[in-house]
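Encoded as structure tokens, the structure appears first; notes follow it.
The values are calculated or read from the model by the stated rules, or taken from the named source; none is laboratory data. The structure presented is a predicted model; accordingly, all values stated were derived computationally and were not measured. For neighbour counting, all protein chains shown are included, and Cβ atoms are generated from backbone atoms with ideal geometry for every residue, glycine included.
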Amino acid sequence: MNDIIFDLKNVQFSYLGKFPALCGVDMTIRSGEKIAVIGANGTGKSTLLQLLDGLIFPDHGHVTAFGEKLLENSHVDEKTAHRFRKRVGLVFQNADIQLFCPSVREDIAFGPLQLGVAEEEVDRRIQEVAQVLDIQHLLERVPHQLSIGEKRRVAIASVLAIDPDVYLFDEPTAGLDPLTVRHIIDFIVHANRLGKTIITATHDLHIIGEIADTVYVFDRNKRIVRGGATQTVLNDRSLLEANNLIHIHQHHHNGKEHVHQHLPLEPHD
Ligand SMILES: Nc1ncnc2c1ncn2[C@@H]1O[C@H](COP(=O)(O)OP(=O)(O)O)[C@@H](O)[C@H]1O
Ligand SMILES: [Mg+2]
């Protein structure tokens, strides 16, 4: 049995103490797993990733990471904070939150430099991650002037430069063209083969067959209604429909009424 990376027990969280975002979540994630968290908008996926990244903390219950409870004051000392930041990296849905330096090169260098990595090693990592994500030509560009897909690749590069054990991806393929989606899926699959633990929040059911072995479904009550093998969850059409992940499409065709179930983005006529 692999080591437990995250263990969540009855985790509850609300924003400002009044907007519930997670209501009683139990979850165990082991080293090397490939997990997807799926659910309609507002079901708590991004909140979960922020809890796993130690950016926010539960109101009730607890999150244990690498055998230690994540508490509001547990990252006060720099050494502990750095150790955690070296192990867990979050790629935000909105790359603009993550990219704030005057150049792509500086954005990629920021994390490792903060964590005390030597400058020559940082330079080496920049070259390496730029090649992996095919952004060598963007290194001197201003991040906020890039396209969404370019920004997303730079955001991933800035996390890859830290070389964490665990990647948290928030809607990594939303709004991207098919080629960039392919690039990101390949990156995730490859990183997992190298032993990285991957947790992806998404409502794009097309990608989860590749990026996840296990899927957790969040419902509108902001709790897990199902956890299981990806294919088993994908085959449960009524579960997906009840949770707004597929919809019934009704139309007339050749004078007859047809009812289709399809994924939100699945082409249909
Ligand atoms: N900064 C915030 N302030 C208040 N409520 C928030 C904030 N962020 C998220 N929420 C609420 O928390 C719930 C879960 O949101 P979120 O985790 O972003 O869901 P998802 O990522 O699944 O779309 C939603 O009801 C949302 O309105
Ligand atoms: Mg979200």
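Just a few scattered comments:
- Unique match (being farther than 30 Å from Glu241 by Cβ and within 15 Å of ligand 1 (Cβ to nearest atom)) among Lys18, Lys45: Lys18
- In segment 1-22, of all residues being within 16 Å of ligand 2 (Cβ to nearest atom) and in contact (Cβ under 8 Å) with a residue 60 or more places away in the chain, the one that is nearest to Glu68 (Cα to Cα) corresponds to Leu22.
- For segment 45-73, the set of residues classified as closer than 25 Å to Gly32 by Cβ, among the β-branched types (Val, Ile, Thr) and not in a helix (DSSP H, G or I) consists of Val63, Thr64, listed by residue number.
Table: residues versus (1) in contact with an Asp or Glu (Cβ under 8 Å, 6 or more places away or on another chain); (2) of a type outside the set (Asp, Glu); (3) at pLDDT below 95.
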position: Val181; (1), (2), (3): no, yes, yes
position: Ile184; (1), (2), (3): no, yes, yes
position: Val189; (1), (2), (3): yes, yes, no
position: His203; (1), (2), (3): yes, yes, yes
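- Segment 74-89, residues that are in a loop (DSSP other than H, G, I, E, B) and exposed (fewer than 15 other Cβ atoms within 10 Å of the Cβ): Val76, Asp77
- The condition of being of a type in the set (Ser, Thr, Tyr), in contact with a helix residue (DSSP H, G or I) (Cβ under 7 Å, 6 or more places away or on another chain), closer than 26 Å to Val25 by Cβ and outside any strand (DSSP E or B) holds for only one of Thr173, Thr232, that being Thr173.
- Of the residues making up segment 128-135, one or more are buried (at least 19 other Cβ atoms within 10 Å of the Cβ), in contact with a Lys or Arg (Cβ under 6 Å, 6 or more places away or on another chain) and at pLDDT below 95.
- Out of Glu33, Glu78, Glu68, one residue alone is within 13 Å of Leu168 (Cβ to Cβ) and away from ligand 2 (no atom under 16 Å from the Cβ). It is Glu33.
- Number of residues in segment 168-186 that are under 13 Å from the mean Cα position of the chain (by Cα) and away from ligand 2 (no atom under 16 Å from the Cβ) equals 2.
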